[in-house]
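Below is one structure, written out as structure tokens; the observations come after it.
Just so it is clear, none of the values below were taken in a lab; they were calculated from the coordinates. Values in this document were obtained by computation on a predicted structure and should not be read as measured data. All Cβ positions, glycine included, derive from the backbone under ideal geometry; neighbour counts span all protein chains shown.
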Amino acid sequence: MNAFEYLATRPVASVDRLFDDPWACQAVFQSLPALSQQIVMRLLFAAGETTRETILSWVLESATDAMVAAIDKLLHLRVLTKAPHGLALNTHFQAQLRTALSSLGGSPWEDGRQKLPAEKPIAALDLEHYARTRWDAVLHFMVGSTAVQAPPDTVVQILEQTKLMQASPEDRRKLHITDTGYEFMLKDIHAQTWIFVLEYIKNIDKRGVMSAEEMLQFLFQMSYCQMHQYYAVADLTRNQQQLLGDLVELGLLYRSNSRATRFYTTSLAVNLIFGGLAGQTRPAIQMNQSLENFHQAATVPKGPSEAGGASASHLSIIVETNFKVYAYTSSSLHIAMLSVFVDIVVRLKNMAVGFLTRESIRSALIHGISAEQIYDFLMQHAHPKMVQNTPVIPENIADQLYLWQRERNRIQFVPGELLEGFTLSEEFAAVVQYARDLDVLTWSDASQHKLTVAQHGADAVRKYIQSLRG
């Protein structure tokens, strides 16, 4: 669910309040398909209502279905509203989009920025290094790595709320990554930050710290800021200033200290809204680089052998038929992700060696990661030489992964209740058959006149027993 899909789930009054901000309206307009944008532009400076038939007449009959879809998209986002005699642009959206499109551009909080005293700016590279450091702290924590400082408690709480992490079965005080969390780790960094921030929005809205639409407005405004530029804290609302600390912790913004009069934007903040939409991401300074080589990549010229090589963040995996795994990477985060299901035995500067063992796979399965996810991860990061093989992953490796998973799934635990005390064999047989018909029978012993039924069907079976006994 991206920002605009979430916006469509909000109440009408909430959307109208958000549409009172020109930056929000501009962002919504930018997210629309081309045909929907054409409808908006034709109606933007028109007064009154327009019938659906009139709008459909703007295209050839062969494009009617596309136009209907464009209208439905606008209705879904509340940009178009149903009127007594047709359709009309949302008046809040119409007024503010007129303002946005008739202005000279610029970015939010520009006036306050110009009034700040001159100060040596922070280098863009340093800001991106800071952003990646903060966000990598979250990812490292998720895979149990101690390579970086743990994130604050508020971040850990959101990891639990989003089901990205959960308490360990062995120790409720410890958190472990879930299958959802492992899928999250494989997503693009902008998709990761949006998933996280969306839960953060819901959380602060539920707690009454700030309404969801006010937080969305803040994010829409940030998406139109200049990347790596500073802005005045005084230009923010009181609620927005209170949230600065959390956004700094996530690496979206940078502020030298809690009393600083300015804050800086990073590519994570500027691309948060549009980063998950195809073709919308603004270029950043190698956000996919590993932290270990961040400054080196920017300052040291590459030799001929390095120019065409893989980046430091690249991961190439070779899996041998003897269950030995070679991982070519210099990223400590990649190694931490691998160690979730691989027993790492050797760690070098640009590679790691380990084994797929019953114990390492079982540990991953216990925490909800499936054999299919492990197989997909190995396929996704297969070394170019392995990709030439058929199959890419050796068959005995793939088969064993699923066998280990089935081994764990051989026994199923079903909450149930024991029923006993039957004196007549006929009565017992009738009850067993009734439980079997309800598909709640889990075990029965005719010699002892005992049976167990699933907990959700116990009441129904008891009522049946009472009916037999009158």
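Over all directions, what mean area does the Cα convex hull of region 318-470 project, stated in square nanometres?
Values: hull surface 51.4 nm².
Its Cα hull, projected and averaged over all orientations, spans 12.9 nm².
Rounded to the nearest 20, the Cβ-based charge dipole of the chain about its Cα centre (Lys and Arg +1, Asp and Glu -1) stands at 920 debye. Checking the cross-link pairs Lys187/Lys349; Lys206/Lys463; Lys82/Lys163; Lys115/Lys206; Lys202/Lys349 against a 31 Å limit on the alpha carbon distance flags Lys206/Lys463; Lys82/Lys163; Lys115/Lys206; Lys202/Lys349 as lying beyond it.
How about region 391-470: which trypsin sites (Lys or Arg not before Pro) there are in a DSSP loop, with at most 15 other Cβ atoms within 10 Å of their Cβ? Present the calculation step by step, with values, prior to reporting the outcome.
Values: sites: Arg406, Arg408, Arg410, Arg436, Lys450, Arg462, Lys463, Arg469; in loops: Arg410.
Here the trypsin sites (Lys or Arg not before Pro) that fit, given the DSSP loop and packing criteria, are Arg410.
Each Lys or Arg adds one and each Asp or Glu takes one away; over the other residues whose Cβ falls under 12 Å from the Cβ of Phe4, this sums to +2. P(r) tail for region 416-469: Cα pairs beyond 16 Å make up 27% of the total.
Cα gyration tensor of region 189-276, axes a ≥ b ≥ c as square roots of the eigenvalues: rounded (a/c below 1.5), prolate (a/b > b/c) or oblate? Before the final figure, lay out each step's value.
Numbers: a/c = 1.64, a/b = 1.11, b/c = 1.48.
Judged from the Cα gyration tensor, region 189-276 comes out oblate (a/c at least 1.5, b/c at or above a/b).
Shape class for region 373-447: prolate, because the ratio a/c of the largest to smallest gyration tensor axis (alpha-carbon atoms, square roots of eigenvalues) is 1.5 or more and a/b beats b/c. From its DSSP helices (H runs of at least four residues, each -39,500 (n - 2.57)), the chain gives a residue-normalised ellipticity at 222 nm of -14500 deg cm²/dmol.
The simple spin-label model puts a point 7 Å past each Cα toward its Cβ; for Ala63 and Met351 those points are separated by 5.6 nm.
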